[in-house]
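Novice: Just passing along the structure, written as C-alpha cells.
The values are calculated or read from the model by the stated rules, or taken from the named source; none is laboratory data. Values in this document were obtained by computation on a predicted structure and should not be read as measured data. Cβ sites come from the backbone with ideal geometry, for glycine too, and all protein chains shown count toward neighbours.
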Amino acid sequence: MSDYALFLGCVIPNRYPGIEAAMRKIAPILGITLYEMDGASCCPAPGVTRSFDSQTWLTLAARNICIAEAIGKNVLTMCNGCYASLKDANIILKNDSAKREAVNKVLSEVGRSFRGSIDVKHIVEVLYNEVGLEKIKSIAKRRLNLKAAVHYGCHILKPSELREWKSHERPTFLDELVTALGLESVDYQDKMMCCGAGGGVRSGVPEVGLDMTREKLRNITRTGADVIVNCCPLCHLQFDRGQVEIEQNLGENFGVPVLHYLQLLGICTGLTLDEVGAKAHNVSLETLASKI
Amino acid sequence: MPTSNLLGGSVIRSEDLQAQFVEEIVKAGGEKIRLCFQCGTCTGSCPSGRRTAFKTRQLIAKSLLGLRDEVLHDTNLWTCTSCYTCTERCPRGIDVTNLIFIIRNIAVKSGIILDRHKVALGYLIKTGHLVPITDNYTKLRKELGLEEVPSTTHKHSEALKEFQQLVSKLEFDKLAAGGEDRK
C-alpha cells in the first residue's frame, strides 16, 4: 500500500517542480516509499492526444503503465490529467481484450507488453483513503489561518463511472483535507466548474479557457479567499499563469496565490515557501508569508 | 455548407448531407449517439457553451443529419475542455465527451487540426513531453534539491527513441502534421 511508482508527468517537473519537491519531502513522513519511473513520458495528455488519436493515446499511456508494471508497484500521480490518462487507459486495457491486443501488438515493437497487474492512484486519493485525515492532522506542525477556495478539477472526479468517490457534483474530500490543516474552505459560485485549461483548450483556443478562468476568479475573489488550493498542476498553471495572461489580455487583476495541495501540506509540515517552489509562481506567494 | 435564407436561418441542402458520417462515429465506438433525443442538458451544462457558439446538442444533431464538413470544420469543436459534465448529466446515458473525442479524431484523420495544436504536438513528439523542460526550470530543480533533469524521456535518450518509435509506428507524427484540408 505504501510503495508507489511516482509518475511525474510534464507540468509538475518542468514548470512547478516545488510540487514534486514537496511530494518527495512529505513521502517519508507518511511512510510512503517512492520508486522512479525512469524513461516515462507525458501521460499523454487526455485533451491533446486522446482528442486527436485515441489509439496513440492508449498505446503511449500503456507504455507508461508498463514501466510501473516492471517495477511491480502501483502508479502514483500528482495530476488530474495524468490520472485521467493512466487510470482510464488502465481500466480500458484491463477490460477490453480487443483494445489490449491491438495495443500490445504495437508495444511488442519495443519489447513491451501491458499485463494489467497494477492500479493507478492520485495522491489525494491516497491521502484521503489510505493515510487518513487523523494522520494528516498529526503531521501538521502549523495550522494556517487562511480562507481557501478549493478547486477539485474535473478529472479526479469524472467520468464518475471510472471513479470511486461518493459524489462528483458535491464532493467533500479535498475540502476535508484542506480543513484538516486548519484552513477555512469557502463556498463559491460554480465551484465545480472547470478551470478552462483541459481538452486542449489552453493550447488550442486559450482565449476561451481564460474567459472561463476569469469567471472562476471573479467568483473566488468575491468570497475574500486568501488562496486557491487545487490538486492538478494544469488547473494550477491555468489559475497561476492565467492570472498574468488575464491581466495582460483582459485588463483584470486578481492577485490570488495558488497552491497545489502537496505544497500546502508541505508548508504545514514545516517547509518554507521557497522549499515548495515559490519562485516558479507567477502570482507571488508573499501575501501568504505573513499568515503562516 | 448551408447558406443563409432571408430570415437569417440556414438552408440545409440534401447535397450537403453525408449520411455515412454517423456510421463513421458509430464504428469508432459512438453508437449511443443514436439515443440522443435533443433535450439540451449537454448544452445547458457546458461551461464552454456559455461563452462561445459551441452547442453540444447542435453538434449531435448535425452529426446525425450528416453535416460532416460543417461539423469537422467548426473551430468550436475544439472549445470542449473535456470536463465531462454533459456525460454525467445525459439522461440517455450517452458519453458525450467521448463522442466529442471521436468526432475530433475523425477531424484529425481528415487533416483538420489547429495550428496551435500542431505546435504542442511537435513538442510531444520531439521530447516525449507536451510541456518540456527549459533552462530556468533545470536551475530551479537543482535549487530545490531535485535531479536537474527529471528521470523521464528528458534524461533517458533510449526511452525517448522508444517513445518516438511508437509514435511513428502509429503514424501519429503524420496525423499531428495536419493535412491539406485543414482550416
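Novice: Consider B:F172 against the criteria (1) more than 9 Å from chain A (Cβ to nearest Cβ); (2) within 27 Å of A:F7 (Cα to Cα): it satisfies all of them except one. Which criterion is unmet?
Specialist: All conditions are met except number (1).
Novice: Which residues, taken from region B:117-138, are without any contact (Cβ under 8 Å) to a residue 12 or more places away in the chain and among the polar types (S, T, N, Q)?
Specialist: Those that are without any contact (Cβ under 8 Å) to a residue 12 or more places away in the chain and among the polar types (S, T, N, Q): B:T134, B:N136, B:T138.
Novice: Also, I was wondering about something else. Only one residue in A:D190, A:D211 is surrounded by fewer than 16 Cβ atoms within 10 Å (Cβ to Cβ) and either without any contact (Cβ under 8 Å) to a residue 40 or more places away in the chain or on the phi > 0 side of the Ramachandran plot (or both). Which one?
Specialist: So the residue among A:D190, A:D211 that is surrounded by fewer than 16 Cβ atoms within 10 Å (Cβ to Cβ) and either without any contact (Cβ under 8 Å) to a residue 40 or more places away in the chain or on the phi > 0 side of the Ramachandran plot (or both) is A:D190.
Novice: Considering only region A:243-263, I want to know if a residue exists there that is of a type outside the set (D, E), out of contact with any strand residue (DSSP E or B) (no Cβ under 7 Å at 6 or more places or on another chain) and within 11 Å of chain B (Cβ to nearest Cβ).
Specialist: The answer is no; no qualifying residue exists.
Novice: Of all residues in region A:53-78, how many are part of a helix (DSSP H, G or I) and in contact (Cβ under 8 Å) with a residue 60 or more places away in the chain?
Specialist: Result for region A:53-78: 3.
Novice: Please go through region A:79-118 and give me each residue that is assigned to a loop (DSSP other than H, G, I, E, B) and either out of contact with any strand residue (DSSP E or B) (no Cβ under 6 Å at 6 or more places or on another chain) or among the hydroxyl-bearing types (S, T, Y) (or both), ordered by number.
Specialist: Those that are assigned to a loop (DSSP other than H, G, I, E, B) and either out of contact with any strand residue (DSSP E or B) (no Cβ under 6 Å at 6 or more places or on another chain) or among the hydroxyl-bearing types (S, T, Y) (or both): A:C79, A:D96, A:G111, A:R112, A:S113, A:F114, A:R115, A:G116, A:S117.
Residue-by-condition table, conditions (1) touching a Lys or Arg at 6+ places or on another chain (Cβ under 9 Å); (2) surrounded by 18 or more Cβ atoms within 10 Å (Cβ to Cβ); (3) assigned by TED's automatic domain parsing to the domain that holds B:I60; (4) of a type in the set (D, E, K, R):
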| position | (1), (2), (3), (4) |
| --- | --- |
| B:N105 | yes, yes, yes, no |
| B:Y123 | no, no, no, no |
| B:L140 | yes, yes, no, no |
| B:E147 | yes, no, no, yes |
| B:P150 | yes, yes, no, no |
| B:K155 | no, no, no, yes |
| B:K161 | no, no, no, yes |
| B:L166 | yes, yes, no, no |
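Novice: Filter region B:59-84 down to the residues that are outside any helix (DSSP H, G or I) and not β-branched (V, I, T), then identify the one that is surrounded by the fewest Cβ atoms within 10 Å (Cβ to Cβ).
Specialist: Within region B:59-84, the match that is surrounded by the fewest Cβ atoms within 10 Å (Cβ to Cβ) is B:G66.
Novice: Hey, can you tell me all the residues within region A:59-92 that are facing chain B (nearest Cβ under 10 Å) and among the aliphatic types (A, V, I, L, M)?
Specialist: A:L60, A:A62, A:I67, A:A84 - these are the residues of region A:59-92 that are facing chain B (nearest Cβ under 10 Å) and among the aliphatic types (A, V, I, L, M).
Novice: Yes or no: region B:85-105 includes at least one residue that is among the aromatic types (F, W, Y), modelled with pLDDT of 95 or more and in a loop (DSSP other than H, G, I, E, B).
Specialist: No, region B:85-105 contains no residue that is among the aromatic types (F, W, Y), modelled with pLDDT of 95 or more and in a loop (DSSP other than H, G, I, E, B).
Novice: Restricted to region B:118-145, and to residues that are within 13 Å of B:Q164 (Cβ to Cβ) and of a type in the set (V, I, T), which residue is farthest from the other protein chains (Cβ to nearest Cβ)?
Specialist: B:I125
Novice: Let me ask something additional. Can you say whether A:G111 is within 14 Å of chain B (Cβ to nearest Cβ), small (G, A, S) and crowded, with 19+ Cβ neighbours inside 10 Å, as far as the supplied structure shows?
Specialist: no
Novice: So, of the residues in region A:6-48 that are of a type outside the set (A, V, I, L, M, F, W, C) and more than 7 Å from chain B (Cβ to nearest Cβ), which turns out to be farthest from B:T134 (Cα to Cα)?
Specialist: Among those residues, the one meeting the criterion is A:G31.
Novice: Mind checking which residues of region A:60-101 are among the hydroxyl-bearing types (S, T, Y) and either more than 23 Å from A:I12 (Cβ to Cβ) or in the same structural domain as A:H236 (by TED's automatic domain parsing) (or both)?
Specialist: A:S97
Novice: Quick one: A:N230 ticks every box in (1) within 14 Å of chain B (Cβ to nearest Cβ); (2) in contact (Cβ under 8 Å) with a residue 60 or more places away in the chain bar one, so which box is it?
Specialist: (1)
Novice: Oh, and also: Just the residues that are charged (D, E, K, R), more than 24 Å from B:C80 (Cα to Cα) and assigned to a loop (DSSP other than H, G, I, E, B), please, taken from region A:145-168.
Specialist: Result: A:E164, A:K166.
One line per residue, one yes/no per condition, for (1) more than 10 Å from chain A (Cβ to nearest Cβ); (2) touching a residue at least 12 places away in the same chain (Cβ under 8 Å):
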{"position": "B:E15", "(1), (2)": "yes, no"}
{"position": "B:E24", "(1), (2)": "yes, yes"}
{"position": "B:I33", "(1), (2)": "yes, yes"}
{"position": "B:F37", "(1), (2)": "yes, yes"}
{"position": "B:T56", "(1), (2)": "yes, yes"}
{"position": "B:I60", "(1), (2)": "yes, yes"}
{"position": "B:T85", "(1), (2)": "no, yes"}
{"position": "B:R89", "(1), (2)": "no, yes"}
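Novice: While we're looking at this one, here's another question. Looking at A:I139, A:I118 in this structure, which one is over 19 Å from the mean Cα position of the chain (by Cα), of a type in the set (V, I, T) and under 30 Å from A:R63 (Cα atoms)?
Specialist: So the residue among A:I139, A:I118 that is over 19 Å from the mean Cα position of the chain (by Cα), of a type in the set (V, I, T) and under 30 Å from A:R63 (Cα atoms) is A:I118.
Novice: If a residue counts only when it is of a type outside the set (A, V, I, L, M, F, W, C) and within 19 Å of the chain's Cα centre (by Cα), which helices (runs of 4 or more DSSP H) contained entirely in region A:177-292 have at least 2 such residues?
Specialist: A:201-204, A:206-221, A:233-250, A:261-268
Novice: OK, next. Of all residues in region B:106-117 being assigned to a helix (DSSP H, G or I) and facing chain A (nearest Cβ under 7 Å), which is nearest to B:G179 (Cα to Cα)?
Specialist: Among those that are assigned to a helix (DSSP H, G or I) and facing chain A (nearest Cβ under 7 Å), it is B:V108.
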